[in-house]
Amino acid sequence: MARAGEKGGSPGARRLAEAARTARARATREEARPAGRRGGGAMDVFGGEVRRRDVFPLLVLHLIAREPAYGNRLIEEIEAITDGAISVNPNTIYPLLRDLEARGLIAGQWEHPDRRTRRFYSITPAGRREYRRLVTELEPFLDSVIESVTMIKREIYGPSRRSGRSG
């Protein structure tokens, strides 16, 4: 019997094998990327789904509640708040802003209504309610991230650091 992905395997098995090869290749490319903030790169502190679904909306609502802002300003503020540890690109922030606006949590207004320039966003009453909900809901998650990073740092850089150091 032919193994998945070998000549003669079923079409489904060949597709599965190809998907597995693609996933392995993607994982290899991601492992080859520089880790952390070496060389000025950013790291994904709040992995994928949680970041998109909860942390970024909370942060955006927080910043917009302070004062109306546009996309690039939000990107700059998030990078400044995190000292570059979290990098936001336009392909993340603008879809999020459109989603928050479609949900009635923020309201956008063009700086110059007669031409498309910067779109400033303000928080709505519904956005303030969602902000308060996210603040309460995410605090335990953020605390767990802090605790996990602290434990990792303690493990690596704790009192036994000098005895385990090579070189």
**OP:** May I ask you to list pairs of residues, at least six apart or on different chains, whose Cβ atoms are under 9 Å apart, with the first in segment 63-84 being without any contact (Cβ under 8 Å) to a residue 60 or more places away in the chain and hydrophobic (A, V, I, L, M, F, W, C) and the second being open to solvent by 20 Å² or more (accessible area, probe 1.4 Å) and outside any helix (DSSP H, G or I)?
**Re:** A69/F120; A69/S122; I75/S87; I75/N89; I78/S87
**OP:** Check off (1) out of contact with any strand residue (DSSP E or B) (no Cβ under 8 Å at 6 or more places or on another chain); (2) open to solvent by 100 Å² or more (accessible area, probe 1.4 Å) for Q109 and give me the number that stays unchecked.
**Re:** (1)
**OP:** Could you look through segment 115-140, keep only residues that are within 17 Å of R98 (Cα to Cα) and of a type in the set (S, T, Y), and pick out the one that is surrounded by the most Cβ atoms within 10 Å (Cβ to Cβ)?
**Re:** Y121
Original post:
Of the residues that sit in segment 65-95 and are in contact with a Lys or Arg (Cβ under 8 Å, 6 or more places away or on another chain) and at pLDDT below 95, which one is nearest to S122 (Cα to Cα)?
Top reply: T92
Original post:
If a residue has to be part of a helix (DSSP H, G or I) and free of Cβ contacts under 8 Å to residues at least 60 places away in the same chain to count, how many in segment 121-141 make the cut?
Top reply: 8
**OP:** Go through segment 121-147 and give me each residue that's modelled with pLDDT of 90 or more and among the polar types (S, T, N, Q).
**Re:** S122, T124, T136
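The values are calculated or read from the model by the stated rules, or taken from the named source; none is laboratory data. These figures come from a predicted structure and were not determined experimentally. Note: ideal-geometry Cβ built from the backbone for every residue, glycine included; neighbour counts use all protein chains shown. We work out accessible area using only protein heavy atoms, side chains counted, and drop any ligands, DNA or RNA first. Shrake-Rupley method; radii C 1.70, N 1.55, O 1.52, S 1.80 Å.
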